[in-house]
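Taken together, the values in this text are just the output of simple stated rules run on the coordinates, not laboratory data. Quick caveat: nothing in here was measured; it's all calculated off a predicted structure. So basically every Cβ, Gly included, is an ideal-geometry build from the backbone, and we count neighbours across all protein chains shown.
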Amino acid sequence: MTEKEERILHKNIDEVQQNVETIQEMKIYNAMKKGIVEGKKREKRRIYTTGMGVVAAAAVAFLFTYSTIGLPDKGVAQPSVQSASTKNTDNFKAYRSFSRLDPALASALEQNLVMPVGQSAENKGYRIDVTGAVTDGRKVYVLYSVQNNTDEVVIHADFALQFEGIKESSLHKGASLSMLASESRIQPGQSMDFIYSTNLSPTVKYPKKVNYNIILTETSDKALLSSSNKYRTSLDVAFELDPDMLKAQERILDTDGTLTVDRQKIKVTGVQYTPLSTYVDLEYDQNNDKRIFQLINPVLISKHEGTEEKSYYPTLITADNSEVYSDDSKTTLVFKNSKKIVESKPDSVSLKAFGISAVEKDQMKIVVDLNKYQLIEAPGSGLELVTPTPENDAMEGTILLRHKLENAQYLNYYTRTSETFTDGEGKVHQSGYTTNRSAVLNFGGFMRAQDGAGVDEFIYIFGAEAKNYPQPLTITLEKYINPITDTQAVELYSKN
């Protein structure tokens, strides 16, 4: 089995495990969200909570990207009491032995870069011990444990890192929580270890003083359906975390390279090597005639003292998964760290891509005739209109779209539409919205086969009255999968 085949196989196995293990967590979250939203409709305060879950990460790792559901105001709850922690971290042994650790955090632990914190807080029978933290100014990790000394089962309802003096730290969106256990629920009398992580903005000067807050909620039906603070407990730990703690060990390359793929220009605005990761910042040219969503299989190629090093499969920082960026004209590729280049400058660095996922800017729409149940217009190829059935949420005014892709293994998002649609006479209606079936089934976008083929399915619900509107109906696209193969490369840096 080749390295590529092995990677895809393990990815598919992981995705199946994620689906099985997260069902109960989703049920808990959905119940909690329903109760809180219904009980606190008057509450307008924005609280980002663990939306689809707190990342479960022993046998699996699943991500909760919480929406703004309006949790009870923390200000009226009983405050926690902070003190020095007596917990023995044993040099973060539990984390070091964790097989599914984030590569950047694994690198930080391997290099002994995680700073001991040693602070705890207690409230109503619960205790949080913040044992360590580390940041390279682009990513931050907080390691902590929660001890449940009550008779109730609890889960996280909220978690957030706040920098002192910054009202909106821009850290909530895309923040994740992982655990060194098989589920997120903390049983009575038990302790569980967690890892909080989020992205930092390279343009913000963060102070050293931070506060990490969690809100725990009981999991009984009564507790989850209640909007009262009675069933929820807030814990706060204040400590110092220097955003420049690894600055002496980072390396920033001056670059002004532009990668041109399918005649679309992608400017590389910066390359930063840190002990945790390698960051490649991109900006899509505003004059491009296509809207770019993603590079296909980008590879960072570095040459150092006659040896070539290739970095594959980066994670992405985008406006969708982080508040670092406000729109999709910018993105950051995050590769595994390079110890050689952190220590000394490379001879040369290049970025290579095998294509892009992009759509002509004037084609960002899907046009259908609801009465004829006919697809009239859509970007690219491979999209078909499928007749809904009761099994896939058929209801009046609903369509099911299926997008088949020959090669989807390097794509990691799914189609997203606007919440409005336009009828044949140009009138805008607010009743349309989508439910991405693949996201529900696969938690990562679309369904992939082992050979790289993929299927993206999504339902669009116009509403029962839509058949009476002038046809055809136009759906505006915000994201769309459309792979375009075109292998190109650009040199970003050279000593010569």
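The peptide list 418-426, 354-362, put in order of mean Cβ contacts within 10 Å with the highest first, becomes 354-362, 418-426. Under the convention that each Lys and Arg Cβ holds +1 and each Asp and Glu Cβ holds -1, the size of the dipole of the range 231-362 around its Cα centre is about 440 debye. When you filter the GluC sites (Glu not before Pro) in the range 254-342 for DSSP loop state and at most 11 other Cβ atoms inside 10 Å of their Cβ, you are left with E305. If you plug the beta carbon distance of K427 and K265 into 1/(1 + (r/R0)^6) with R0 = 45 Å, you get a FRET efficiency near 0.75. Calculation over all alpha carbon pairs of the range 148-243 in 10 angstrom steps from 0 returns a P(r) of 14, 41, 31, 13, 1 percent.
On a full-extension model of 0.36 nm per residue, what is the gain between A94 and D256, subtracting their alpha-carbon distance, rounded to one decimal in nm?
Working: separation 162, 0.36 × 162 = 58.32 nm, distance 4.26 nm.
Between A94 and D256, full extension yields 54.1 nm more.
You can think of it this way: the chain between S344 and L225 has 37.2 nm of extra reach, that is 0.36 nm per residue less the Cα-Cα gap.
Which value, in Å³ per residue, describes the convex hull spanned by the Cα atoms of the range 262-421?
154
Computed from backbone phi with θ = phi - 60° and the Karplus coefficients 6.51, -1.76 and 1.60, the 3J(HN,Hα) list for the range 467-480 is 5, 8, 7, x, 8, x, 10, 10, 9, 7, 8, 9, 9, 7 Hz; x is used for glycine and proline.
With +1 on each Lys and Arg Cβ and -1 on each Asp and Glu Cβ, and nothing else charged, work out how big the dipole of the range 313-403 is about its Cα centre, in Debye to the nearest 20. Could you put the intermediate results ahead of the total?
Values: 10 positive and 14 negative charges, 144 e Å.
So the magnitude is around 700 debye.
Computed 3J(HN,Hα) for the range 239-247, one whole-Hz value per residue from the Karplus formula 6.51 cos²θ - 1.76 cosθ + 1.60 where θ = phi - 60°, is 7, 9, 9, 7, x, 9, 4, 10, 4, glycine and proline marked x.
Based on Cβ point charges of +1 for Lys and Arg and -1 for Asp and Glu, what charge dipole magnitude is obtained for the range 204-250 about its Cα centre, in debye rounded to the nearest 20?
180
In this simple spin-label model, placing a label point 7 Å from the Cα along the Cα-to-Cβ direction at both Q286 and K310 gives a separation of 3.7 nm. Put the Cα centre of the range 171-224 next to the Cα centre of the range 112-135 and the gap is 12 Å.
Distant-in-sequence amide contacts of G132, defined by a placed amide H-H separation under 5 Å and a gap of 5 or more residues or a different chain, comprise V117, G118, L143. The calculated P(r) of the range 257-302, using every Cα pair and 10 Å bins from 0, goes 23, 53, 21, 3 in percent. In order along the range 342-358, the Karplus-derived 3J(HN,Hα) couplings, from 6.51 cos²θ - 1.76 cosθ + 1.60 at θ = phi - 60°, round to 4, 7, 8, 5, x, 6, 7, 9, 10, 10, 10, 9, 9, x, 9, 9, 7 Hz, and Gly and Pro are given as x.
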